[in-house]
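Have a look at the structure below, then the notes.
Just so it is clear, none of the values below were taken in a lab; they were calculated from the coordinates. This one's a predicted model, so the numbers in the text were calculated from it and none came from an experiment. So basically every Cβ, Gly included, is an ideal-geometry build from the backbone, and we count neighbours across all protein chains shown.
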Amino acid sequence: MAERSGQFRVYRVTESVPHINLQAVDSATLYTVYQTGYGDLQARVDELVTGDLVTATLAGDPAAEEEPWRIQRLERAGGVEMGFAVDIQPPDVARETWTADATVPLSTVLSEDDTAVGACVVQPRGPLPDGAFVPSVLTGLLPLEEQLDSVSGVEEPAAEALFLDPDPTDARSFSTPYGVALLFTERGRSLADRFRGQYDCPRGTEARPDFDPYGL
């Protein structure tokens with residue numbers, strides 16, 4: 001057995017799969033961990049939501065790729081409040097940011113009262129499994145830590161993120177070649193509220209679409 005200690009971002013806390021993905025913040029390594037069976041630690045595990053930042057120690061076998069790891073130690077260290085909406089019309093700023101045939105994420109600064117408070121990032125579907133967007137975010141397959149650590153064009157950490165997919169999670173063909181990440185700093189809360197209202201995604205409610213990640 002090996003141990004890995006550090007900070008991790010929490011992904012895939014969904015009802016359909018009894019596992020959690022923890023994305024290491026200092027590398028591209030993604031760990032799948034058991035969601036139950038922790039005794040006194042279970043209450044802390046049950047409180048985790050997608051977007052939480054935790055300090056943890058994990059134990060597992062790096063050679064057994066199909067076997068989940070176990071959490072040995074866990075402390076919440078913060079987090080980015082995440083919201084999700086699928087099968088929607090992308091905001092104007094996303095359509096204006098997108099460039100045909102783009103192969104890397106593109107971004108536009110979001111401002112309020114002439115102050116930069118966030119960014120709209122459009123992510124090409126091409127490099128993602130089966131062209132998925134929101135499912136890839138929910139499982140941690142889409143690396144985001146760099147953008148969350150420093151919002152493009154604002155150079156402040158994200159406090160909140162909304163992920164918008166123009167198509168449903170089970171789509172087999174796509175109407176739009178990109179997904180949308182709206183990232184907001186602490187100063188961007190009121191602007192985030194306006195987008196949340198537009199996409200019926202109020203803060204403090206469970207907005208993650210449930211899906212089977214093994215169907216990707």
_Net +/- balance of residues flanking residue 204 in space, Cβ distance below 14 Å, scoring K and R +1, D and E -1_ = -1
_If amide hydrogens are placed 1.01 Å from N in the peptide plane, which non-local residues have theirs closer than 5 Å to the one on residue 151?_
156, 158
_Give the average over all directions of the projected area of the C-alpha convex hull of the chain, one decimal, in nm²._
11.9 nm²
*asked:* Per-residue counts of other Cβ atoms within 10 Å, averaged by peptide: what ranking do you get for 80-87, 115-122, 179-186, highest first?
replied: 179-186, 115-122, 80-87
*With runs of 4+ DSSP H residues as the only contributors, calculate the mean residue ellipticity of the chain at 222 nm using -39,500 (n - 2.57) per run, divided by the residue total and rounded to the nearest 500.*
-3500 deg cm²/dmol
*Quick one, what does Rg over Rh come out to for region 1-104 if you take C-alpha atoms and the Kirkwood Rh?*
1.08
*What dipole magnitude, in Debye to the nearest 20, does region 2-79 give about its Cα centre under +1 on Lys/Arg Cβ and -1 on Asp/Glu Cβ?*
200 debye
_Using alpha-carbon coordinates, inclination of helix 189-198 to the longest axis of the chain, degrees_ = 80 degrees
*Read phi for every residue in region 84-90 and hand back ³J(HN,Hα) as whole Hz from Karplus 6.51 cos²θ - 1.76 cosθ + 1.60, θ = phi - 60°, with x for Gly and Pro.*
9, 9, 10, 6, 10, 8, x
